[in-house]
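What follows is a set of notes on a single structure, which appears directly below.
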C-alpha cells in the first residue's frame, strides 16, 4: 500500500456493513469500494468486461478488478467479525448502576434486542456512553484488522 489509510475511514465503513454488499480496501490507492454479491456473481459468469453493455461495464468495473486482482484488495471486517451483539453485551456488563445493568441485560436477551437496547439506553441517559463504547470497540477491531494485513494506518 502506498499511503497509510485513515483509521477513521475504515471505522466508518465498518459501521455500514450490509448483508448484500461487501467493502474492500484497495491496497494501492487506499480507497474503499463496495460491491454487491450480485455484482461479484455476474463477474464470475462473464468472460470479459468488454463483453457487457457499456452501462453494465461501469457498474461492474470494481467487481471485475477485485476478482481479477485479488492481491490488490482486502475485504473489510463484516458484521459477523465485528459482532455488535457481543459489544452491546460487554457494554451492559460494564454499566455500574445495578438496576440499569440488570435491565439492559434482560432486554438484550429478547427479540428486538438492538432496538430495545437503544431505546432503554436513551431512557437511562447513557446512549452517548454506548456510542462511545461501540466506536472504541470498532476502532480496536479496525486496528487489529490493519495490523493483521500489514496495512499502515493513521489515527
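The values are calculated or read from the model by the stated rules, or taken from the named source; none is laboratory data. Note that the coordinates shown come from a computational prediction; the quantities given were computed from them, not determined experimentally. Because the Cβ atoms are built from the backbone with ideal geometry, glycine has one as well, and the counts that use them run over all protein chains shown.
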Exercise for the section: Could you tell me which numbered condition residue 76 fails, if it satisfies all but one of (1) loosely packed, with under 15 Cβ neighbours inside 10 Å; (2) within 30 Å of residue 3 (Cα to Cα)? Expected result: (1)
Exercise for the section: Could you please let me know if residue 33 is touching a helix residue (DSSP H, G or I) at 6+ places or on another chain (Cβ under 6 Å) and buried (at least 19 other Cβ atoms within 10 Å of the Cβ)? Expected result: no
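Which fully enclosed helices (runs of 4 or more DSSP H) of segment 53-147 have 3 or more residues being closer than 27 Å to residue 32 by Cα and under 19 Å from the mean Cα position of the chain (by Cα)?
Values: elements: 54-68, 79-82, 84-93, 98-108, 113-123.
In segment 53-147, the matching helices (runs of 4 or more DSSP H) lie at 54-68, 79-82, 84-93.
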Problem - Breaking point among (1) within 27 Å of residue 153 (Cα to Cα); (2) without any contact (Cβ under 8 Å) to a residue 40 or more places away in the chain; (3) assigned to a loop (DSSP other than H, G, I, E, B); (4) out of contact with any strand residue (DSSP E or B) (no Cβ under 8 Å at 6 or more places or on another chain), for residue 16 - result: (4)
Handout entry: Inter-residue pairs, beta-carbon under 9 Å, first surrounded by fewer than 12 Cβ atoms within 10 Å (Cβ to Cβ) and in segment 125-154, second modelled with pLDDT under 95 and assigned to a helix (DSSP H, G or I), 6+ apart
Key = 154/7; 154/8
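Conditions tested, residue by residue: (1) surrounded by 15 or more Cβ atoms within 10 Å (Cβ to Cβ); (2) out of contact with any helix residue (DSSP H, G or I) (no Cβ under 6 Å at 6 or more places or on another chain); (3) outside the structural domain of residue 124 (by TED's automatic domain parsing); (4) on the phi > 0 side of the Ramachandran plot.
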{"residue": "55", "(1), (2), (3), (4)": "no, yes, yes, no"}
{"residue": "58", "(1), (2), (3), (4)": "no, yes, yes, no"}
{"residue": "64", "(1), (2), (3), (4)": "yes, no, yes, no"}
{"residue": "67", "(1), (2), (3), (4)": "yes, no, yes, no"}
{"residue": "71", "(1), (2), (3), (4)": "no, yes, yes, no"}
{"residue": "86", "(1), (2), (3), (4)": "no, yes, no, no"}
{"residue": "90", "(1), (2), (3), (4)": "no, yes, no, no"}
{"residue": "98", "(1), (2), (3), (4)": "no, yes, no, no"}
{"residue": "104", "(1), (2), (3), (4)": "yes, no, no, no"}
Problem - residue 75, sole failed condition from (1) at pLDDT 95 or above; (2) in contact with a strand residue (DSSP E or B) (Cβ under 6 Å, 6 or more places away or on another chain) - result: (1)
